[in-house]
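Trainee: Pasting a structure here, questions to come.
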Amino acid sequence: MPGNFATASDVIRFLPEIILAVMGTLLMILDPLLHRRSSNAFGHLSILALAGALGGAIYAYLNGGPAFGGMLMVDGFATFFGVLVIVAGILTILPSYRFLARQGAETSEYHALLLFSVAGQCLMVAANDLIMVFIGLEISSISSYILAGYLREDKRANEASLKYFLLGSFATAFFLYGVALIYGSTGTINLAGVNVVLSGPGAPSLVFVGVAAALMFVGLGFKVSAAPFQVWTPDVYQGAPTPISAFLSAGPKAAAFAVFLRIFTTAFAPIGHGWEPLVWASALLSMTIGNFAALQQSNIKRMLAYSSIAHAGYVLVALTARSEVGTAAAMFYLAAYAFMNIGAFAVVSHLSGKGERYQNIEDFSGLAQKQPLAAAMFSIFLLSLIGVPLTGGFFGKFYIFKAALESHLVWLTVLGLLNSAVAAYYYLRILVMMYMREPAEATEAVEPLSPGLRLALIVPAIGTLFLGIFPNWVLDFAGKSSVLLK
Amino acid sequence: MMSAVPVYWFLMLSAVLFALGVAGFLFRRNIITVFMSIELMLNAVNLSFVTFSYQLKQVNGHLFTFFVMVVAAAEAAVGLAIILTVFKNRSTLNIDEVNSLKN
């Protein structure tokens with residue numbers, strides 16, 4: 001293909017990113033023309049853009065293969081995660097209508113940044129080359145730094161944005177140094193190429209490659225908020241606008257995990273026995289720190305942040321298994337997690353009121369009497385986060401621990417299961433608040449459910465239950481895609 | 001010219017600069033200085049890329065530095081804007097005083 005800037009098939013396989021970038025730019029151009037009169041228009045347009053990108057992603061999958069000389073790889077794995085981050089984007093916009101109106105915030109930039117961030121994540125999940133991973137990671141992260149501090153006047157949002165930015169760029173630098181060392185020791189940055197060099201004769205010094213893998217582990221560990229790199233998570237999730245906290249816990253996290261899985265199970269597969277103990281320790285630490293710290297939280301956003309650290313730990317268990325079954329389990333889990341967590345944050349966003357005053361767990365008391373629908377949906381999400389049967393969370397955990405056992409990780413499985421028992425306590429506490437207490441100040445003041453919010457609750461609930469009742473549909477696809485990964 | 005200096009010296013310099021950046025990030029208290037430490041880390045990586053590119057007789061490594069520079073510029077624009085809003089709301093640039101988020 002030398003000499004050709006881009007062929008038609010390149011463009012088709014790059015379609016979702018093109019649609020999102022063009023529509024994001026268009027939103028910013030339309031901003032001065034539409035003004036604030038029709039601020040909902042930007043939300044509608046960005047949902048349209050994401051729906052277009054969803055179609056583009058599926059069309060790209062049907063014409064799948066490598067693009068741009070092997071820098072991108074549109075396979076089942078990329079499409080699975082691409083669809084996941086696009087759906088996460090749509091589910092973030094639904095509760096944002098009411099949220100932005102209540103806070104009196106501008107809407108055009110918010111949606112444009114969200115589209116750019118999703119575009120970056122689509123690029124990340126399809127990247128087959130370490131520099132492409134880096135570019136996608138930065139497109140996604142830089143947009144999210146701004147989104148975390150979108151409410152400029154709010155001190156908490158400023159702080160969240162600052163911490164997210166500083167620690168995020170710090171982590172990126174580590175990742176990049178790892179890329180440089182890989183480039184120096186193998187002479188290539190193509191993931192398949194690195195695999196070939198590492199498994200072939202005359203493999204480069206393991207010290208160099210080991211340091212590079214460790215640096216990349218640190219960088220990606222920050223992005224997925226795995227312990228011991230999780231310190232930023234509670235502050236950022238607490239301070240950021242609630243729909244954005246939901247987005248951060250679903251989209252960027254799933255995309256970072258996709259990169260994690262792709263790099264460590266393709267490029268670094270030959271040195272798997274070397275990184276396995278590292279990921280093992282990080283998985284255990286994330287589950288334990290996340291669950292035990294969540295027990296002590298009174299702020300619900302902080303609690304969900306710690307729970308998201310714990311859930312990152314569960315996914316790392318799947319990575320530790322180093323098998324195709326494990327990869328498929330991680331994919332399934334991240335899909336289930338995106339639905340249940342975005343749904344849970346949508347309820348928090350609904351209740352928190354102007355200026356996000358009500359964020360305490362006590363504020364949920366008596367919600368079931370005032371708004372049975374919101375309480376019922378929240379219960380579904382919480383039960384799924386616990387891992388109760390008939391919800392997506394149950395099968396997610398089941399497949400992950402099954403994969404871990406198949407790879408003889410008995411101790412990790414036992415400790416992980418004990419951890420999920422601990423987790424049940426802090427989720428159930430909210431259920432007790434909602435159903436067994438009298439309404440308090442926050443629940444008395446709660447506004448009626450807007451149509452956008454109703455959708456934002458019902459769609460993730462259907463998704464959660466669907467994954468819990470018909471898990472095979474998604475799991476079969478994940479299983480097929482995890483084989484393609486090689 | 002470059003052959004006069006062994007290649008691994010450049011790599012050592014790059015590692016030292018990276019480590020200085022990490023140290024600055026961890027121990028400095030002024031937000032601007034912390035931010036500059038991150039830039040130092042990115043540029044240390046650039047030095048590595050150029051050195052490896054020279055050693056491998058490839059042009060790829062040089063191209064990567066351009067990507068990194070563009071990303072670093074975008075990051076600087078966003079980062080300084082964030083730091084500015086923090087300063088406007090709190091009138092301080094000490095990172096220890098930005099600590100209102102807790103349980």
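Trainee: Inside the range A:375-404, can you point out the residues that are closer than 12 Å to A:LEU431 by Cα, of a type outside the set (Phe, Trp, Tyr) and out of contact with any Ser or Thr (no Cβ under 9 Å at 6 or more places or on another chain)?
Mentor: Across the range A:375-404, the qualifying residues are A:ALA375, A:ALA376, A:MET377, A:SER379, A:LEU382.
Trainee: What are the pairs with Cβ atoms under 9 angstrom where one residue, in the range A:112-137, is in contact (Cβ under 8 Å) with a residue 12 or more places away in the chain and the other, located anywhere, is of a type in the set (Lys, Arg)? Sequence gap at least six, or different chains.
Mentor: If the second residue must be of a type in the set (Lys, Arg), the pairs left are A:VAL125/A:ARG262; A:ALA126/A:ARG13; A:ALA127/A:ARG262; A:ASN128/A:ARG262; A:VAL133/A:ARG262; A:LEU137/A:LYS223.
Trainee: Here is a further query. Please specify each residue of the range B:1-29 satisfying the condition of being among the small types (Gly, Ala, Ser), over 30 Å from B:LYS88 (Cα atoms) and modelled with pLDDT of 90 or more.
Mentor: The initial filter retains those residues of the range B:1-29 that are among the small types (Gly, Ala, Ser), namely B:3-4, B:14-15, B:19, B:21, B:23-24.
Subsequent filtering for residues that are over 30 Å from B:LYS88 (Cα atoms) retains B:3-4, B:14-15, B:19.
Listed by number, the residues that qualify are B:SER14, B:ALA15, B:ALA19.
Trainee: Since B:LEU47 meets every condition but one in (1) within 8 Å of chain A (Cβ to nearest Cβ); (2) surrounded by 15 or more Cβ atoms within 10 Å (Cβ to Cβ); (3) not aromatic (Phe, Trp, Tyr), which condition does it not meet?
Mentor: Looking at each condition in turn, B:LEU47 falls short on (1).
Trainee: If you don't mind, another one. Provide a single number: the residues in the range A:362-418 that are aliphatic (A, V, I, L, M), touching a residue at least 60 places away in the same chain (Cβ under 8 Å) and part of a helix (DSSP H, G or I). Before you say what the answer is, go through the steps one by one.
Mentor: Applying the first criterion (aliphatic (A, V, I, L, M)) to the range A:362-418 yields A:367-368, A:373-377, A:380, A:382-383, A:385-386, A:388, A:390, A:400, A:403-405, A:409-410, A:412, A:414-415, A:417-418.
Subsequent filtering for residues that are touching a residue at least 60 places away in the same chain (Cβ under 8 Å) retains A:367-368, A:373-375, A:377, A:380, A:385, A:390, A:400, A:403-404, A:409, A:412, A:415.
Restricting the remaining residues to those that are part of a helix (DSSP H, G or I) gives A:367-368, A:373-375, A:377, A:380, A:385, A:400, A:403-404, A:412, A:415.
Final tally of qualifying residues: 13.
Trainee: Could you check A:TYR59 against (1) more than 28 Å from A:PHE260 (Cβ to Cβ); (2) over 21 Å from the mean Cα position of the chain (by Cα) and say which number it fails?
Mentor: Failed condition: (1).
Trainee: Can you tell me how many residues in the range A:216-235 are within 22 Å of A:LEU114 (Cα to Cα), in a helix (DSSP H, G or I) and either more than 14 Å from chain B (Cβ to nearest Cβ) or out of contact with any Leu (no Cβ under 7 Å at 6 or more places or on another chain) (or both)? Reasoning before the result, please.
Mentor: Just the residues of the range A:216-235 that are within 22 Å of A:LEU114 (Cα to Cα), to begin with: A:220, A:222-225, A:232-235.
If we keep only those that are in a helix (DSSP H, G or I) as well, we get A:220, A:222-223, A:232-235.
Those left that are additionally either more than 14 Å from chain B (Cβ to nearest Cβ) or out of contact with any Leu (no Cβ under 7 Å at 6 or more places or on another chain) (or both): A:220, A:223, A:233-234.
Counting residues in the range A:216-235 that are within 22 Å of A:LEU114 (Cα to Cα), in a helix (DSSP H, G or I) and either more than 14 Å from chain B (Cβ to nearest Cβ) or out of contact with any Leu (no Cβ under 7 Å at 6 or more places or on another chain) (or both) gives 4.
Trainee: A:TYR333: out of contact with any Ser or Thr (no Cβ under 9 Å at 6 or more places or on another chain), closer than 18 Å to A:GLY251 by Cα and surrounded by 19 or more Cβ atoms within 10 Å (Cβ to Cβ), yes or no?
Mentor: So A:TYR333 fits the description; yes.
Trainee: Can you name every residue in the range A:279-301 that is surrounded by 17 or more Cβ atoms within 10 Å (Cβ to Cβ) and away from chain B (no Cβ under 14 Å)?
Mentor: The first filter runs over the range A:279-301 and keeps only residues surrounded by 17 or more Cβ atoms within 10 Å (Cβ to Cβ), leaving A:279-280, A:282-291, A:293-294, A:297, A:299-301.
Matches in the range A:279-301: A:VAL279, A:TRP280, A:SER282, A:ALA283, A:LEU284, A:LEU285, A:SER286, A:MET287, A:THR288, A:ILE289, A:GLY290, A:ASN291.
Trainee: Would you check if there is a residue in the range A:412-425 being buried (at least 19 other Cβ atoms within 10 Å of the Cβ) and closer than 21 Å to A:GLY353 by Cβ?
Mentor: No, the range A:412-425 contains no residue that is buried (at least 19 other Cβ atoms within 10 Å of the Cβ) and closer than 21 Å to A:GLY353 by Cβ.
Trainee: Would you pick out the residues in the range B:80-99 that are surrounded by 13 or more Cβ atoms within 10 Å (Cβ to Cβ) and within 16 Å of A:LEU151 (Cα to Cα)?
Mentor: Of everything in the range B:80-99, those that are surrounded by 13 or more Cβ atoms within 10 Å (Cβ to Cβ) and within 16 Å of A:LEU151 (Cα to Cα) turn out to be B:ALA81, B:ILE82, B:ILE83, B:THR85, B:VAL86, B:PHE87, B:ASN89, B:ARG90.
Trainee: Next up: Answer yes or no: is there a residue in the range A:236-245 that is more than 20 Å from A:SER161 (Cα to Cα) and either within 14 Å of chain B (Cβ to nearest Cβ) or buried (at least 24 other Cβ atoms within 10 Å of the Cβ) (or both). Explain how you work it out, then say what you get.
Mentor: To start, the set of residues in the range A:236-245 that are more than 20 Å from A:SER161 (Cα to Cα) comprises none.
Among the residues of the range A:236-245, not one is more than 20 Å from A:SER161 (Cα to Cα) and either within 14 Å of chain B (Cβ to nearest Cβ) or buried (at least 24 other Cβ atoms within 10 Å of the Cβ) (or both), which makes the answer no.
Trainee: Pick from the range A:28-58 the residues that are surrounded by 14 or more Cβ atoms within 10 Å (Cβ to Cβ) and hydroxyl-bearing (Ser, Thr, Tyr): which of them is farthest from A:GLU324 (Cα to Cα)?
Mentor: Going through the qualifying residues, I end up with A:SER39.
Trainee: So B:SER14 fits all but one of (1) more than 17 Å from A:LEU162 (Cβ to Cβ); (2) at the interface with another protein chain (Cβ under 7 Å from one of its Cβ atoms); what number is the exception?
Mentor: (2)
Trainee: Another one. Among the residues of the range A:141-157, is any at the interface with chain B (Cβ under 7 Å from one of its Cβ atoms) and within 26 Å of A:PHE80 (Cα to Cα)? Give the steps one after another, and end with the answer.
Mentor: So in the range A:141-157, the residues at the interface with chain B (Cβ under 7 Å from one of its Cβ atoms) come out as A:142, A:145-146, A:149, A:152, A:155-156.
Now drop any that are not within 26 Å of A:PHE80 (Cα to Cα), which leaves A:142, A:145.
Yes, the range A:141-157 has at least one match.
Trainee: From the list A:GLY69, A:GLY76, A:GLY56, pick out the single residue that is out of contact with any His (no Cβ under 8 Å at 6 or more places or on another chain) and either basic (Lys, Arg) or at positive phi (or both).
Mentor: Details: A:GLY76 fails: either basic (Lys, Arg) or at positive phi (or both); A:GLY56 fails: either basic (Lys, Arg) or at positive phi (or both).
Only one candidate qualifies: A:GLY69.
Trainee: Here is a further query. In the range A:182-193, what residues are surrounded by fewer than 24 Cβ atoms within 10 Å (Cβ to Cβ) and at the interface with chain B (Cβ under 7 Å from one of its Cβ atoms)?
Mentor: Of everything in the range A:182-193, those that are surrounded by fewer than 24 Cβ atoms within 10 Å (Cβ to Cβ) and at the interface with chain B (Cβ under 7 Å from one of its Cβ atoms) turn out to be A:GLY184, A:GLY187.
Trainee: Go through B:GLY61, B:GLY21 for me and flag whichever is surrounded by 19 or more Cβ atoms within 10 Å (Cβ to Cβ), within 8 Å of chain A (Cβ to nearest Cβ) and farther than 30 Å from A:LYS163 by Cα. Steps first, answer last, please.
Mentor: Values: B:GLY21 fails: farther than 30 Å from A:LYS163 by Cα.
Going through B:GLY61, B:GLY21 in turn, the sole match is B:GLY61.
Trainee: Let me ask something else about it. Does the range B:86-103 include one or more residues that are touching a Gly at 6+ places or on another chain (Cβ under 6 Å) and facing chain A (nearest Cβ under 10 Å)? Quick ask: steps written out before the conclusion?
Mentor: Of the range B:86-103, the ones touching a Gly at 6+ places or on another chain (Cβ under 6 Å) are B:101.
Imposing the further condition that a residue be facing chain A (nearest Cβ under 10 Å) reduces the set to B:101.
There is at least one residue in the range B:86-103 that is touching a Gly at 6+ places or on another chain (Cβ under 6 Å) and facing chain A (nearest Cβ under 10 Å).
Trainee: To continue, here is another question. List the number of the failed condition for B:ILE32; all other conditions in (1) closer than 21 Å to A:SER185 by Cβ; (2) more than 10 Å from chain A (Cβ to nearest Cβ); (3) at pLDDT below 95 hold.
Mentor: Looking at each condition in turn, B:ILE32 falls short on (1).
Trainee: May I pose another question? Looking at the range A:304-328 only, could you name the residues that are closer than 22 Å to A:GLY274 by Cα, in contact with a Lys or Arg (Cβ under 8 Å, 6 or more places away or on another chain) and surrounded by 24 or more Cβ atoms within 10 Å (Cβ to Cβ)?
Mentor: Hits for the range A:304-328 are A:ALA312, A:TYR314.
Trainee: Only one of these conditions is not met by A:LYS370: (1) in contact with a Pro (Cβ under 9 Å, 6 or more places away or on another chain); (2) within 21 Å of A:ILE400 (Cα to Cα); (3) of a type outside the set (Gly, Ala, Ser). Which number is it?
Mentor: Failing condition for A:LYS370: (2).
Trainee: Take A:LEU167 and tell me if it is facing chain B (nearest Cβ under 8 Å), out of contact with any Leu (no Cβ under 7 Å at 6 or more places or on another chain) and either touching a residue at least 12 places away in the same chain (Cβ under 8 Å) or surrounded by 24 or more Cβ atoms within 10 Å (Cβ to Cβ) (or both). Don't jump to the end; show me each part of the working.
Mentor: On the way: facing chain B (nearest Cβ under 8 Å): no; out of contact with any Leu (no Cβ under 7 Å at 6 or more places or on another chain): yes; either touching a residue at least 12 places away in the same chain (Cβ under 8 Å) or surrounded by 24 or more Cβ atoms within 10 Å (Cβ to Cβ) (or both): yes.
Here the answer is no, as A:LEU167 does not meet what is asked.
The values are calculated or read from the model by the stated rules, or taken from the named source; none is laboratory data. Just so we're clear, the structure is a prediction, and the values are computed from it rather than from any experiment. A quick note on method: Cβ atoms are made from the backbone with ideal geometry, for glycine too, and the neighbour counts reach across all protein chains shown.
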